[in-house]
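Note sheet for the following structure.
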Amino acid sequence: MFGKPVNRTRDCVLPGLDPTKPVLLLSAGALGAGPTDIILEQLLLLSHRAQILVVCGRDEELRRRVEQRLAMAETTQSP
């Protein structure tokens, strides 16, 4: 897609993505290594409400923690 215009409505194909909002991608790598939890916490503190996608690789425990934390963030966000 480099050098080509992006059509956000067409290109935001994942269910639940809002094409009018920015998307942040956090990749934890294939094994979920690294400070993913800390980075996620910092992203959630941003004043701009972007959509956060987290790639957890094969780390099921990390996936569970990320899902729980994002669910908590959704319930505490104001409209």
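Taking GLN51 as the residue in question, decide whether it is without any contact (Cβ under 8 Å) to a residue 12 or more places away in the chain and not aliphatic (A, V, I, L, M). It is false that GLN51 is without any contact (Cβ under 8 Å) to a residue 12 or more places away in the chain and not aliphatic (A, V, I, L, M). Filter the stretch 39-79 down to the residues that are touching a Pro at 6+ places or on another chain (Cβ under 9 Å) and exposed (fewer than 10 other Cβ atoms within 10 Å of the Cβ) and list them by number. Within the stretch 39-79, just HIS48 meets the criteria. Is at least one residue of the stretch 33-40 at pLDDT below 85 and part of a loop (DSSP other than H, G, I, E, B)? Looking for residues that are at pLDDT below 85 and part of a loop (DSSP other than H, G, I, E, B), one finds at least one in the stretch 33-40, hence yes. Taking every residue in the stretch 13-28 that is modelled with pLDDT of 80 or more and pairing it with any residue that is small (Gly, Ala, Ser) and in a loop (DSSP other than H, G, I, E, B), at least 6 positions away or on another chain, the pairs with Cβ-Cβ distances below 7 Å are LYS21/ALA50; PRO22/ALA50; VAL23/ALA50; LEU24/ALA50; ALA28/GLY34; ALA28/GLY57.
In the stretch 63-77, the qualifying residues are those that are of a type in the set (Val, Ile, Thr) and more than 17 Å from GLY34 (Cα to Cα), and the one that is modelled with the highest pLDDT is THR75. For the stretch 41-61, what are the residues that are modelled with pLDDT of 90 or more and hydrophobic (A, V, I, L, M, F, W, C)? Result: LEU43, LEU44, LEU45.
The values are calculated or read from the model by the stated rules, or taken from the named source; none is laboratory data. Computed from a prediction, not measured in an experiment: that's the story for all the values here. All Cβ positions, glycine included, derive from the backbone under ideal geometry; neighbour counts span all protein chains shown.
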